[in-house]
Amino acid sequence: MKLLASPAVRVGLSISIATGLYGISFGALSVTSGLSFWQTMALSLLLFSGGSQFAFIGVVAGGGSGIAAMGAATLLGMRNGIYGMQLNALLHPTGWRRYVAAQFTIDESTATSTGQSDPAEQKRGFWAAGIGIYVLWNLFTAVGALAGSGLGDPKQWGLDGAAVAAFLALLWPRLKGREPVAIAAVCALATVLAVPFVPAGVPILIAAVVAAVTGWFSHGRRDEGLEPDVDPYSEHHHNHQDSQQAGA
């Protein structure tokens with residue numbers, strides 16, 4: 001009961017329920033896309049990254065190869081490595097906790113932790129969200145996989161497009177500010193244009209390249225517009241010397 005009084009724990013548990021429910025959609029879409037129940041559970045238990053999982057089965061459902069599916073999932077999962085560096089410096093996990101923390105490092109656990117100002121609350125928020133989502137995500141994945149196995153052809157129910165819709169539902173709340181939305185729009189256009197001409201799974205790789213190039217040039221233009229740093233002490237020192245020389 002004492003833990004439930006923690007603001008970070010309450011936030012973590014509420015996010016766990018909301019995010020965990022998406023596991024039903026993933027489980028159903030995965031088995032109707034051609035994966036078995038145990039393959040579906042392996043993705044949730046081991047990969048445990050919603051966006052990467054939906055990208056994986058989206059490529060598989062579209063007829064893409066396993067390599068293309070892994071490439072798409074890897075690109076989207078690279079952000080978790082960045083989260084890991086941030087959380088390692090913030091939480092300082094030691095021993096076996098480092099390995100467990102690495103598995104629980106996802107968007108939601110990172111956001112719950114970094115949203116707290118107290119170090120103790122940061123740790124509680126991370127573990128509450130990480131453990132809560134892991135348990136519920138896998139539980140609901142199993143429920144969805146068992147239910148989805150009786151649905152038959154995914155195209156009959158429109159589930160081949162539902163994978164994309166579910167992925168966008170996870171992605172869209174993370175787009176904050178004009179620049180991320182603009183980059184997302186450009187990537188979406190690049191994907192639509194590429195779909196008729198390249199194999200399944202390749203469009204998302206093209207979108208990733210477009211995003212990287214767009215972001216690089218966008219930040220480059222901003223950097224060019226910045227004034228060079230000026231040391232006020234140095235400027236004052238030189239002005240003082242100039243005035244002394246003029247007086248001499």
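For residue 6, indicate whether it is under 18 Å from residue 110 (Cα atoms) and within 17 Å of the chain's Cα centre (by Cα).
Spelling it out, it is not the case that residue 6 is under 18 Å from residue 110 (Cα atoms) and within 17 Å of the chain's Cα centre (by Cα).
Only residues in region 43-63 that are on the phi > 0 side of the Ramachandran plot and of a type outside the set (A, V, I, L, M, F, W, C) count as the first member; pair them with residues that are at pLDDT below 90 and buried (at least 23 other Cβ atoms within 10 Å of the Cβ), Cβ under 9 angstrom, at least 6 apart or cross-chain, and list the lot.
63/201
The values are calculated or read from the model by the stated rules, or taken from the named source; none is laboratory data. A quick note: this is a predicted structure, and the numbers were derived from the prediction, not measured. Cβ coordinates were reconstructed from backbone atoms using ideal geometry, including for glycine residues, and neighbour counts include every protein chain displayed.
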